[in-house]
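The values are calculated or read from the model by the stated rules, or taken from the named source; none is laboratory data. If you're wondering where the values come from, they're calculated on a predicted model, not measured in any experiment. Glycine also receives a Cβ, built like all others from the backbone with ideal geometry; neighbour counts cover every protein chain displayed. Calculation scope for accessible area: heavy atoms of the full protein, side chains included, ligands and nucleic acids excluded. Shrake-Rupley method; radii C 1.70, N 1.55, O 1.52, S 1.80 Å.
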Amino acid sequence: MKMPFVKMHGLGNDFVVLDGVRQSVVLTPQQLRHLADRHFGIGCDQILLVEPASQPGIDFRYRIFNADGGEVEQCGNGARCFVRFVHEQGLTAKREIRVETMGGVIGPRLEDDGTVTVDMGVPVFASAQIPFVAATEDLVQTLRVADEDIAITAVGMGNPHAVQLVADVDLAPVERQGPLIEAHPRFPQRVNAGFMQVLDRHTIRLRVFERGAGETLACGTGACAAAVAGIARGLLDSPVRVATRGGELTIAWNGHATPVLMTGPAVTVFKGEIEL
């Protein structure tokens, strides 16, 4: 079959976006991996599928598949691309929409300057809800990785994150530690590994080794998790400017029991059709 698609990116975190509203889209893990393959397919970090909502009061359903074909709960950069996609495709005229995901309902809003702000929901620190196996609910936990102990903060942003402080993200052991943290047995659903360098109380640099995708140029939920972890630990103040390898995001969080707001760009690269 021929499948139309749109290629998009948020700060270099790139996506193949599929319209499941005006057509039925059911793909196997093998087909998803083919779409994501940068040599034999289109190439992307994740595939985003737009579907009709399954409940009243919601505009759309949003499904996210990693490059390995596995479905995941949430993707912040993808959420920004999602709202631009439904506008450009004429699926809605609303500037702010409500979207259901595996990780809960989010509320992306298209701003006047073309950027997108996403209400990413309230962050989770309770270990059982992340999920993270821990004997205490301490904000800073020691994680044994290979032959060393690292200090992390576990945060749920609709998906699990492990954020650690580093002196310099350029020298951080992302390639070595990333896969080990992602598959660590204390994270039963695997985890996104964040490496955060604090520049000042409103600015950080960040690299993220994403679950099922490897290191990406930017990770929206990872930026949210890092900013939240830094604020909760008294290292940062809201709003936080997050500099990734793909560009910058602004994260605002007012603390306990309040939602995280993420603002950044979303770009359409090209449209096409692929034979599956």
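Descriptive notes on the structure:
- Residue match in region 201-217 (condition: at pLDDT 95 or above, over 17 Å from ALA79 (Cα atoms) and of a type in the set (Ser, Thr, Tyr)): yes
- Verdict on LEU48 being crowded, with 19+ Cβ neighbours inside 10 Å, farther than 29 Å from VAL155 by Cα and either touching a Cys at 6+ places or on another chain (Cβ under 9 Å) or small (Gly, Ala, Ser) (or both): no
- Hits in region 169-198 - residues which are farther than 12 Å from THR244 by Cα, open to solvent by 20 Å² or more (accessible area, probe 1.4 Å) and in contact with a helix residue (DSSP H, G or I) (Cβ under 6 Å, 6 or more places away or on another chain): ARG190
- Just one of (1) open to solvent by 50 Å² or more (accessible area, probe 1.4 Å); (2) at pLDDT 95 or above; (3) of a type outside the set (Lys, Arg) fails for ALA257. It is (2).
- Each residue in region 80-96 was checked for being buried (at least 20 other Cβ atoms within 10 Å of the Cβ) and touching a Gly at 6+ places or on another chain (Cβ under 7 Å), and 2 of them qualify.
- Against the conditions (1) within 13 Å of GLN74 (Cα to Cα); (2) in contact with a Gly (Cβ under 7 Å, 6 or more places away or on another chain), VAL105 satisfies every one except (2).
- Conditions (1) closer than 22 Å to VAL122 by Cα; (2) open to solvent by less than 50 Å² (accessible area, probe 1.4 Å); (3) out of contact with any Phe, Trp or Tyr (no Cβ under 9 Å at 6 or more places or on another chain); number of the one not met by PHE60: (3)
- Cβ pairs under 6 Å, 6+ apart, first in region 132-159 and open to solvent by less than 60 Å² (accessible area, probe 1.4 Å), second polar (S, T, N, Q) and not in a strand (DSSP E or B): ALA134/SER127; VAL145/GLN177; GLY156/GLN129; MET157/THR221; GLY158/GLN74; ASN159/GLN74; ASN159/THR221
- Scanning region 199-242 for residues that are surrounded by fewer than 24 Cβ atoms within 10 Å (Cβ to Cβ), of a type in the set (Gly, Ala, Ser) and not in a loop (DSSP other than H, G, I, E, B) gives GLY214, ALA232.
- Checked against (1) over 14 Å from the mean Cα position of the chain (by Cα); (2) open to solvent by 20 Å² or more (accessible area, probe 1.4 Å), LEU35 meets all criteria but (2).
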